[in-house]
1. Would you list which lysines come within 25 Å of Lys12, measuring only between C-alpha atoms, while excluding same-chain residues fewer than 8 positions from it?
2. With a Förster radius of 51 Å, plug the Cβ-Cβ distance of Asp164 and Glu75 into 1/(1 + (r/R0)^6) and report the FRET value to the nearest 0.05.
3. Compute the relative contact order of segment 68-188 as a whole-number percentage, counting only Cα pairs closer than 8 Å that sit 6 or more residues apart in sequence.
4. Taking the alpha-carbon centroid of each part, what is the distance from segment 196-251 to segment 263-310 in angstrom?
5. In percent, how large is the relative contact order of segment 51-109, given Cα pairs closer than 8 Å and 6 or more residues apart?
6. Report relative contact order for the chain in percent, whole number only (criteria: Cα-Cα under 8 Å, sequence separation at least 6).
7. Normalised by the empirical 2.2 N^0.38 Å for globular proteins, what value does the Cα Rg of the chain take?
8. Net charge within 11 Å of Val147 by Cβ-Cβ distance, Lys/Arg positive one each and Asp/Glu negative one each, not counting Val147 itself?
Amino acid sequence: MRLLAGDVGGTKTLLRCVGTDGSVIREARYESAEWKTFDDLLREFLAAVDGPIDAACFAVAGPVFGGRAEVTNLEWVIEERALTQSFPIGRVSLINDFYAVGLGVPLLGADDVLSLQRGQRDRNAPIAILGAGTGLGEALLVTHRGVHHVIPGEGGHADFAPQDEEQARLFLYLHQLFGHVSWERVVCGAGIVNIFTFLGGDEITPAEVAQRADDGEPMAARAFAMFVDAYGSEAGNLALRNLARGGVYLAGGVAAKNVRWFTDGAFIEAFTRKGRFRDVMETIPVDLIMNEQVGLIGAVEGARRVLESR
């Protein structure tokens, strides 16, 4: 029995073929833009894998509807039925990339995460996951009969709630630009740039804002501090709404690439700043995911579940 998993993104695509015992048969990374179609890329990968694949799961950076996905920032269209017809794969499942992160979280080890707040973990309680990257992903994990199930959501598009006078001015600035102001307008890579331009900065990349902040530039440092505060506040909202005593996990590249901004206490202060429920918030574990392959790990789990559902 062989399983195939993929983390398919606009920048890179990771593929992994494993045996049902978890042993890796082949793994490869591809620059997505170098391939005209996903089929071309997959064909190259499978050429070095002998024999058929029993089940596959591909986590796609883009919406998945009716077994069909369009990859954000690429012209790729991927369809479950077409893949089973074109390749020696028994069954194929397409899932959203953040859904895959949700499947991967319970499989992470102690070395894959960095604890921001230890708390008191209840392993039967819901788990909340947020990921600030290109956008803001949110999901829940619930446990039923010992199995974790992902409940996807679009909480990143819910209404942004300013926490102080400065953030209220930021809201008005963004409202003039976009009309509806979601959390994603503030808590994601582009959100960092939005905050920086609100403060008077020029429109540069999120990485450049982070670098300037690390170099001690006051405006960039202020922008990043506001970003961290908003991120912590929304993480606390998600945890409080669902009493996520199973823990909160931060995914996405922004936090993992800027660890020092999340370990000085400012993020947790914003997370726990829930008035009469501060004591409750202080009991919820918060971890930052450091393993960049969490989506691929989740896709492998997705392939395993596809195989078991036959």
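1. Of all the lysines, those that pass the test against Lys12 - Cα under 25 Å, at least 8 places apart if same chain - are Lys36, Lys257.
2. Once rounded, the FRET efficiency stands at 0.75.
3. Details: 129 pairs, mean separation 20.3, N = 121.
With pairs under 8 Å counted, the relative contact order is 17 percent.
4. Here the two parts' Cα centres lie 17 Å apart.
5. 41 percent
6. On the way: 634 pairs, mean separation 70.9, N = 310.
Dividing the mean separation by the residue count of the chain yields 23 percent.
7. Details: Rg = 20.2 Å, N = 310, 2.2 N^0.38 = 19.5 Å.
Rounded to two decimals, the normalised Rg is 1.04.
8. 0
The values are calculated or read from the model by the stated rules, or taken from the named source; none is laboratory data. Being a predicted model, the structure only gives us computed values, none of them experimental. Don't worry about glycine lacking a Cβ; one is built from the backbone with ideal geometry, like all the others, and counts go over all protein chains shown. Accessible surface areas use protein heavy atoms only, side chains included; no ligands, DNA or RNA. Shrake-Rupley method; radii C 1.70, N 1.55, O 1.52, S 1.80 Å.
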